[in-house]
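The structure under discussion appears below in the form of C-alpha cells.
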Amino acid sequence: MKIGIFGGTFDPVHLGHISLAEDACEQAGLKEVIMVPARIQPFKQDKHTASGHDRLRMLALEAEWNDRITVSSYELDNESVSYTYLTLRAMQERHPDDELYFICGADSLLKIHTWMHADELLTSYSYIIGARPGYKEQEVQEQIQRLHDTYGTNIVLINNKQMDISSTEIRDRLAAGQSVSDLISPKVERYIKEHELYR
C-alpha cells in the first residue's frame with residue numbers, strides 16, 4: 001500500500017492543505033494521507049503558534065468527514081524539534097509493509113537536499129510534489145532529475161489545484177475581524193470562533 005505523510009504547522013489547517021492531500025490520493029494512488037502537525041518546526045522555532053491540542057483538533061475535524069485522511073500526534077507527543085527524518089522513521093515502523101510518500105510543495109523539494117539527514121530522506125522514501133503549472137517548472141524538473149541521478153529518489157509530480165491560501169493570511173484576517181469562510185472549512189471556522197483563536 002502507498003501511504004502519504006503530510007507534515008506542517010497547520011496553523012490553522014485550510015482548504016489548500018486538504019486539496020493537496022486529496023490530489024495526492026487521486027493522482028498518486030495513495031490509500032491514505034496521514035497529516036502530522038509539527039510541535040516545533042526547524043525553520044519556525046521563533047514563531048508563536050496555536051497550541052498543539054488546538055491544531056490537532058482542527059485537523060481531526062477535517063478527518064472526520066474524509067475517509068482518506070487520518071491524523072497523527074507523533075510530533076506533538078515528542079518534545080524535540082520536528083525533524084522529518086525522525087517522523088518518517090517512526091511512520092515506517094508503524095507501517096512496515098507500506099511504501100511511504102512524503103508530501104510537500106515545490107519550494108520544499110528545491111531545498112530538501114539541505115535538510116537534516118538528507119541522504120537518508122532521499123534514499124529511503126518516495127515523494128509527492130504538489131506543483132501548479134508554470135511555477136518554477138524548470139527548477140523543479142532539474143531538481144527531480146538531480147535527486148534521481150544522485151540518490152535514486154522516486155518523486156511523483158502531481159498537478160495540484162493549489163489555492164492561493166496561506167495560514168498567515170487567515171490569522172491576519174481573523175485578527176482584523178474579517179471573514180475567512182472562503183479559506184477554511186465551516187467546522188474549522190466554528191472551532192476557531194468557539195475557542196477564540198487568533199484574536
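Laboratory data are not the source of any read-out in this text; all were calculated from the coordinates shown. In this text, all values refer to a predicted model and were calculated from it rather than measured experimentally. When we count neighbours, we look across all protein chains shown, and the Cβ atoms used for this are built from the backbone with ideal geometry, even at glycine.
Before moving on, here are some points about what is shown:
- For Ser126, nonlocal amide neighbours, meaning residues 5 or more places apart or on other chains whose placed amide H falls under 5 Å from its own, are Leu100, Phe102.
- Placing +1 on the Cβ of every Lys and Arg and -1 on the Cβ of every Asp and Glu, with no other charges, gives the chain a dipole of roughly 340 debye about its Cα centre.
- For the chain: relative contact order, % (alpha-carbon pairs under 8 angstrom, 6 or more apart): 26
- Highest GNM mean-square fluctuation among Gln27, Gln178, Gln92, for the chain modelled with Cα contacts below 10 Å: Gln178.
- The angle separating the long axis of helix 15-28 from the principal Cα axis of greatest extent in the chain is about 30 degrees.
- Of all aspartates and glutamates in the structure, the ones whose alpha carbon falls short of 16 Å from that of Lys31, not counting any fewer than 8 places away in one chain, are Glu22, Asp23, Asp67, Asp97, Asp98, Glu99.
- Taking 32 Å as the limit for the C-alpha separation, the pairs Lys136/Lys187; Lys2/Lys161; Lys111/Lys193 exceed it in the case of Lys136/Lys187; Lys111/Lys193.
- Applying a DSSP loop filter and a limit of 14 other Cβ atoms within 10 Å to the chymotrypsin sites (Phe, Trp or Tyr not before Pro) in segment 99-155 leaves Tyr135.
- Pairwise inverse Cα distances across segment 15-125, averaged and inverted, put the Kirkwood hydrodynamic radius at 15.0 Å.
- Under-5 Å amide H pairs with Gly7, H placed in peptide plane, nonlocal only: Val36, Ile103
- Remark: the Thr168-Asp149 segment gains 3.2 nm on full extension, using 0.36 nm per residue and subtracting the alpha carbon distance.
- Comparing Ile103, Ile129, Ile165 in a Gaussian network model of the chain (Cα springs below 10 Å), the most mobile by mean-square fluctuation is Ile165.
- Residues whose placed amide H lies under 5 Å from that of Glu32, excluding near-sequence neighbours: Gly4
- Karplus-derived 3J(HN,Hα), 6.51/-1.76/1.60, for each residue of segment 183-199, Hz, glycine and proline x: 10, 9, 6, x, 5, 5, 4, 5, 4, 4, 5, 5, 9, 6, 8, 6, 8
- Structure remark: mean-square fluctuation, Gaussian network model of the chain, C-alpha springs under 10 Å; the largest value among Val33, Val13, Val81 belongs to Val81.
- Helix 137-151 axis, angle to the chain major axis (alpha carbon atoms, nearest 10°): 50
- Between segment 86-100 and segment 127-155, the alpha-carbon centres lie 23 Å apart.
- Fraction in percent of alpha-carbon pairs per bin - 10 Å, the chain: 8, 35, 38, 16, 2, 0
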